[in-house]
Amino acid sequence: MEIKSAEFVMSNSDVGKCPKEPIPEYAFIGRSNVGKSSLINMLTQRKGLAKTSGRPGKTQLINHFKINNNWFLVDLPGYGYARVSKSMKNTFQKFITQYFEKRQQLVSAFVLIDIRHEPQKIDLEFMQWMGEHQIPFSIIFTKADKLKPGAIQRHVKEYESKLLEDAWEEMPNYFITSSSNFTGRDQLLKYIEDINNS
Ligand code: GDP
């Protein structure tokens, strides 16, 4: 898919106030600092579209972007940022869960995971929650440029075994990406395009 246009539509913390237009929507979520803003900017080839920030946890809203005038890309707040207060974490959680439970236009989510680390409890728990609520998602492994191919495969396998232990029947669909060298961009955009055209 060629990205012809990418525009910011709105930010809010209330799923009821999200855009009403019935076009397909894809949501990006992951731990703070996972590389979500960089990935969104890499996919859309718009440098400042999503705000990459030195201070993790800064993007605490549901951010809608309209791509090619026919689908929404949604940038959700990063989870698991240790320095936000507990009450703030609860508020986050509430509107994120409400978003996933109520957003009719949502076709699929992308759960971003930093490929460099061994499986993290918070990511496994989040995927478990998505599974229990039957919310379709793919995994996007980020920062693949930081590892050699062998290590990438090993880390993916580690995630697979953990997920199978957690009662998943198979490894969810996944992508290996790097915002530094554009790895995975074509595959991801093709995946979205194929669903939009189906
Ligand atoms: P966010 O908090 O998830 O939006 O993460 P950012 O996009 O702001 O990225 C967090 C940090 O990781 C920044 O220092 C980025 O430069 C770095 N980063 C993001 N993506 C990549 C990547 O693909 N490769 C490398 N090497 N660094 C990345």
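The values are calculated or read from the model by the stated rules, or taken from the named source; none is laboratory data. Values in this document were obtained by computation on a predicted structure and should not be read as measured data. Cβ atoms come from the backbone with ideal geometry, glycine included; neighbour counts cover every protein chain shown.
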Has the stretch 178-193 got any residue that is over 20 Å from the mean Cα position of the chain (by Cα), at pLDDT 95 or above, part of a helix (DSSP H, G or I) and hydroxyl-bearing (Ser, Thr, Tyr)? no
Being at pLDDT 95 or above and assigned to a helix (DSSP H, G or I) is the filter; apply it to the stretch 124-153 and report the residue that is farthest from the chain's Cα centre (by Cα). 150
Checked the stretch 144-170 for anything in contact (Cβ under 8 Å) with a residue 40 or more places away in the chain and surrounded by fewer than 14 Cβ atoms within 10 Å (Cβ to Cβ); matches are 158, 166
What are the pairs, 6+ residues apart or on separate chains, where a residue within the stretch 24-43 that is touching a residue at least 24 places away in the same chain (Cβ under 8 Å) and under 8 Å from residue 112 (Cα atoms) has its Cβ under 8 Å from a residue that is more than 8 Å from the ligand (Cβ to nearest atom) and among the polar types (S, T, N, Q)? 31/120
Touching a strand residue (DSSP E or B) at 6+ places or on another chain (Cβ under 9 Å), modelled with pLDDT of 95 or more and surrounded by fewer than 19 Cβ atoms within 10 Å (Cβ to Cβ): is that true of residue 29 in this structure? no
Single condition residue 97 does not satisfy, out of (1) away from the ligand (no atom under 14 Å from the Cβ); (2) modelled with pLDDT under 95; (3) within 30 Å of residue 150 (Cα to Cα): (3)
Considering residues of the stretch 176-198 that are on the phi < 0 side of the Ramachandran plot and within 12 Å of the ligand (Cβ to nearest atom) only, the residue surrounded by the most Cβ atoms within 10 Å (Cβ to Cβ): 177
Could you figure out which of (1) within 16 Å of the ligand (Cβ to nearest atom); (2) at pLDDT below 95 isn't true of residue 85? (1)
